[in-house]
Every structure is written in C-alpha cells, then in structure tokens.
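Report on the structure given below.
Every read-out reported here was derived from the displayed coordinates using simple, explicitly stated rules and does not represent laboratory data. Bear in mind that the values here come from a model prediction, so they are computed numbers and not experimental data. Note: ideal-geometry Cβ built from the backbone for every residue, glycine included; neighbour counts use all protein chains shown.
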C-alpha cells in the first residue's frame, strides 16, 4: 500500500458543531498530524457542496484516505462512503469521526473542552485511517421470492403487491383463515365501511393469485441464512415445508389488551372491551341503552406508558354506531385526551358530538368507579373540567384498551435476530432514515407489530415494505458488507473456539494440507468480532476493526505534541 | 500533579448497535456529561478482547468503559455474553498488576437509553477522578 495521504473534512453542521467547537482551530491542528495532506472545514459536509469538496479533494491532493468529522456514522457514513467510491476510492478507506452527537451536543457549556475533545477524536481517527485497508465486497445471489409472515390485511397487501410485481410469495398465517384481527371488527373508521367489503376482495385476490402460496394454520419454525438466501421451515401440525426466499416481511400485527381485574372486567357480565363490543354489534346482539366507555384503560399508565393511537377513534366509531342504530341511547365516552389527528378524524369526532355522543374528561388521579351489585348499574366519574363528581346510569360498560405486542414478537425476535423496543414491539432500523426496515438486512416490518396502526396506515406501510423487499429481488444480487472475519490459516491451530462462539454458523473447521483450520463463510459472517477477540492464536482478523487499527486509536489520545512538529511521527507509538 | 487539576482520560468501547446509538441519543437529547470520554466504536462489545483492554491501560487510559447491548438484546445474539465472561477474569488480573479494578467498567446500555449513557459517563468519570492518574501513564507521570 502506498504511503497514506489523508484528507480531513471537518463539518460545522451549521451551528450544531460550529457554535461549540472551534472548527477553524481544529482544522489548523489537524493539518499538523502525520500523513494529513489536506484539511478543510465545510458548513455542511453532507450538502452537495460538501460532497463535491470531498471528491475534489481526493482528486486534487491524491488522497488515499478520507476522514469526515461530523454528526454520526449511524446516519451519514453511507453517504460519505459513496462520495469516495464515486471518484474511485475504496469505501473502506473512509473513516468517520463523531464530533456532533458525541461531542458538541453533549458539551455545549464547555466549548474549550469540546474543542480539545474534537482534536483528540480526530487524532484517533487519523491514527486508525493510516492503517485502513481496502476491502472488497462479495456479491450474493438473491432468490427471487419473499416470505410474508402474517395473513392480516397488512400482510395480505404486502404479499399481493409483491406478487403483482412478478415475485413468488409464501404467505404464512397461524390461524385457519386469512383476515387477522379485522375478522372481529364490524366497521372501519372514518368511512364506517363494513370491514368485509374491504377484506373479502383482498382475500379473494390473495387466494387466486398464482404467485402466492398460502400456508394456513402454520407457523414459521426456523429461518436460517441471510439476505438473498433465507432457508425457511414452515410447520403445519407437525408437517414441514421448506423453501428458500430472498427477503422477508413481518406483518404479525398486535392484539387487544384484556383488562382483567380493572373496572370489574371479567367479574360483571356487561363489562367488555371495544373488540368484544364489535362482535356483539356484528352479531346483531343488543348493546344496551346507557352505554359508558372508558378510554386509556391500561394505556398511558406507569406500567404501560405508550399511547396506542387508534383506540380513541375506535371508541368514537362504536359510540357513533350505537347512536346511529338507536338515537335514544345515551352514550358517554370518558377520556383523558383524545387522539383524533388529521382533518378526517377531527370531522369524525365533531360528527359524533353532533350525533349526541357525550365526552367527559377524567383524570388518572381520580379514575372512574363502577357501582353495581353483580351487574353494572352506575359509573361514578370526577369531571376534571367541571371539577364535580357525576353518577351516570349504565347498563353496559365498554373499556377502551390499547393494542399490545403479541407474544409471538419474542419468538420472531429470536428467530430473525431483530430487536424489540422497551414495550415488546418490533423495532425498525431508524424511524426516519430507514422506516419499515429492520437493522437486519433483507427483513422488513409493517403494521401493528411495530406500533399500533390503523388500516390505512398499515396498508401504506405494507406497500412501502413490499417495495423495499422487491428491490434486492429485482436487482438479483446484493453486496455483502466486507467487515467480516478472516482466518490466517498458517497460524490457526484448529482449536474450534471461534466455531463454538459464532452465533451465525459462519465459522467451520475444515481439513487443509493435513491439518484442521477454521474457515469463514463470508456471506454468513456479520462482523461482530467475537471470534477474533477469543482466538488464542491471534489467527482471526476482524477486517476494518483489526487489532493494529484499534490499538493505534487507543494510543492516540496521548500522542506527544512534539511528534506533530517533527511530522512523519507515528501516532500509534508513544514516546 | 494536583489531584484537583486531574482530568482523567477515559476510553469508551461502544458497540455499534446499542451503546453507540445510546451515546448518539444522549447527543440528540442534548444531555450534558463530562468531556473526558474518548469513544472507540466497535461492532460488538464481544470484539473487545483482554488485549485491547490492557492496551488501553498500558497506553495511559485512566479508565476503560466497555458498553454493549443488554443480555438477550445483543445484535449478534450472544457477543455481549463473551464480554461479561471476559470481565470475570479481567478484573482480578488488573488488580494483580497494580491497576485498580474499578478503573474498568462494563455497562449494558440499550439503544434507547441515552440518559443511562450520560449518567454512566458522569459517574464513571467521578470514580476515575477519585482514583487519580493511571500509574502506567508514563508521559503524564514524567517517566
């Protein structure tokens, strides 16, 4: 490898960095570091101007290493890497230094210390960049088909979308019929359309589409492999089917909380949840003349702090429908706040009020009480706005409860190696930058498994997930991240420590030249480095995070100023 | 050196998926913590071998923080378990070679725990400040 020629681009990020870190001073300092042949500052390095400055710098100064000191690699590394690639510099010769999220923003009251820290961090980056090596990415073939887990309206929409684009889809549903939670829902807000009018045509299309194979009463038992090449085992009453897909969409929905023990639920006959009310309405059963609904039961409370978003609208819908079929009925909604976002939902709420649905705000400090002996007779509620206590006669109490994550999320999380959030919902890679994707490549998420969503939102997410999942299928190949382990077979003693530690089965022992050595299946290696850290012979190298590279970073904070002046000094070598 | 002037340098190995994300979150939430941390990003806390920890101390770090995902949440399923096993042996070893074991800390910090990250840096910086300079830091000790 040629002598390193490093270019450093320090970003002001407007005032985000520039107001707390003395960027020009940092640039002057960086110019003195060994092998740094160019350093400049940019108002926004991620802007078009900044990107072309990087490209120009690489060409003008024959840079063979590039450092950007700015926000965080978690959002912007791909952008800067591709700028390097665009002018022919291998993207693994790029190094990111985080001086915003982990420096300027967390030391806003100490600009001098922030500036010193920024210098240290960049010096560590330079120390590593000097030792970076170019890496090549392997191309992996992608099987032109997808697995969709969950046969609700969201999963079906995703499956149909993919099938209509010409890809084979395996749709797995654990129940004996398609439709998911909507099978229990009578009408949909805000149009009050009958649910079956929406779902039946979708179910028919799914059943009749030649590219969709549906597995009912089935569970995904095992998923092995990686993007482009997942080996899937589906189990139906002990009978297994196996197939291979390129990408996976998870659409397993959520379920309604059953508030056992709250407001006499489970103890009195006419205390039910919204979903149970829907079933009664759907079956034409009587629904009471004095109906009280209590919102936020089990939601936005200390043990479950989130707002489930869709339940306010659902309560308003059911209240309206009761008023519509029996205008003489009294319907009260006891709420804490109302989540009726957007023009349509606000109108819907207003129409419910006009129709005679009454809204009372209660507070969590003084929740409503159920009065009755064996059956519900009255609800006592403290009217938080009028500051008086009211007693409402009641022959049916409906509890509005949140959607909660399915128990299946735990299994899915372990099987697909995807994360859960603090509540147990499946966690997408990034709210804004990578919606509907998991951090794990080739696996996508849509609908209420991720967060409570209504039908319209769920279908939009299904289309988004399908279009993401179709990308690799259409291209036909993906490039595997080159940050993987590699084995020096000459010094490998064949002990197998790495094999037992690797959770991805990427390490195996093979015979070579009469001895046992470890071998990496690059496409399966995720690059965690656990094998390398444990290798007793030092035979496993973690590309891009090699011992030499990290050790150079570790010594850089103590790098002697005198070396800077003599140039050519070795950052990683203490004096 | 006067102990009051002592500004410890702390090396923080952060795993890309949890601890590093938490550190970013502390930033986007504008939580303030002492400017003594020098982060080294690794893909998984499981990458942080005994040699790297010892190298950090040998180079002069006054404290070393290794931060990874909570058990069960590891992006690589069980890399963090390798780390915790390693710590069982590493702490007494440091004591035996004259480096107070309190200079080494392992924390599980989830991606959504920006405040835990900030609090960890605050409390660890104070702990290390109390311990004084790393006896192996040759330059600072004028050796």
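Quick look at the values:
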read-out	value
Qualifying positions in segment A:404-416 - in contact (Cβ under 8 Å) with a residue 60 or more places away in the chain and either in a loop (DSSP other than H, G, I, E, B) or within 12 Å of chain B (Cβ to nearest Cβ) (or both)	A:406, A:415, A:416
Candidate set: segment B:41-57, residues that are part of a loop (DSSP other than H, G, I, E, B) and crowded, with 24+ Cβ neighbours inside 10 Å; chosen: the one farthest from the other protein chains (Cβ to nearest Cβ)	B:48
Criterion violated by residue B:112 - all others in (1) within 7 Å of chain A (Cβ to nearest Cβ); (2) within 17 Å of residue A:74 (Cβ to Cβ); (3) buried (at least 24 other Cβ atoms within 10 Å of the Cβ) satisfied	(3)
Lone unmet requirement of (1) touching a strand residue (DSSP E or B) at 6+ places or on another chain (Cβ under 8 Å); (2) more than 19 Å from residue A:527 (Cα to Cα) for residue B:52	(2)
Residue that is farthest from residue A:134 (Cα to Cα), among those in segment A:75-110 that are under 32 Å from the mean Cα position of the chain (by Cα) and free of Cβ contacts under 8 Å to residues at least 24 places away in the same chain	A:106
Residue identified as under 25 Å from the mean Cα position of the chain (by Cα), touching a residue at least 24 places away in the same chain (Cβ under 8 Å) and farther than 21 Å from residue A:545 by Cα among A:46, A:71	A:46
When residues of segment B:21-40 are limited to those that are more than 7 Å from every other protein chain (Cβ to nearest Cβ) and either part of a loop (DSSP other than H, G, I, E, B) or touching a strand residue (DSSP E or B) at 6+ places or on another chain (Cβ under 6 Å) (or both), the one nearest to residue A:554 (Cα to Cα)	B:37
Identity of the residue in segment A:210-239, within 30 Å of the chain's Cα centre (by Cα) and within 14 Å of residue A:159 (Cα to Cα), that ends up surrounded by the fewest Cβ atoms within 10 Å (Cβ to Cβ)	A:211
Some residue of segment B:74-85 being without any contact (Cβ under 8 Å) to a residue 24 or more places away in the chain, assigned to a helix (DSSP H, G or I), more than 9 Å from every other protein chain (Cβ to nearest Cβ) and farther than 23 Å from residue A:417 by Cα	no
Spans of helices (runs of 4 or more DSSP H) in segment A:1-99 with at least 2 residues more than 23 Å from residue B:42 (Cβ to Cβ) and in contact with a strand residue (DSSP E or B) (Cβ under 7 Å, 6 or more places away or on another chain)	A:23-31, A:48-60
Within segment B:9-20, tally of residues that are more than 9 Å from every other protein chain (Cβ to nearest Cβ) and assigned to a helix (DSSP H, G or I)	1
Some residue of segment A:532-555 being more than 13 Å from chain B (Cβ to nearest Cβ), under 33 Å from the mean Cα position of the chain (by Cα) and free of Cβ contacts under 8 Å to residues at least 24 places away in the same chain	no
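Every residue, every condition in (1) away from chain B (no Cβ under 14 Å); (2) within 27 Å of residue A:143 (Cα to Cα); (3) under 16 Å from the mean Cα position of the chain (by Cα), yes or no:
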{"position": "A:394", "(1), (2), (3)": "yes, no, no"}
{"position": "A:399", "(1), (2), (3)": "yes, no, no"}
{"position": "A:402", "(1), (2), (3)": "yes, no, no"}
{"position": "A:421", "(1), (2), (3)": "no, no, yes"}
{"position": "A:435", "(1), (2), (3)": "yes, yes, yes"}
{"position": "A:456", "(1), (2), (3)": "yes, no, no"}
{"position": "A:474", "(1), (2), (3)": "yes, yes, no"}
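Yes or no, residue by residue, for (1) free of Cβ contacts under 8 Å to residues at least 60 places away in the same chain; (2) in contact with a helix residue (DSSP H, G or I) (Cβ under 8 Å, 6 or more places away or on another chain); (3) more than 30 Å from residue A:532 (Cβ to Cβ); (4) surrounded by fewer than 22 Cβ atoms within 10 Å (Cβ to Cβ):
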residue	(1), (2), (3), (4)
A:442	no, yes, no, no
A:447	no, yes, yes, no
A:454	no, yes, yes, yes
A:458	no, yes, yes, no
A:463	no, yes, yes, yes
A:466	no, yes, yes, no
A:471	yes, no, yes, yes
A:477	no, no, no, yes
A:482	no, yes, no, yes
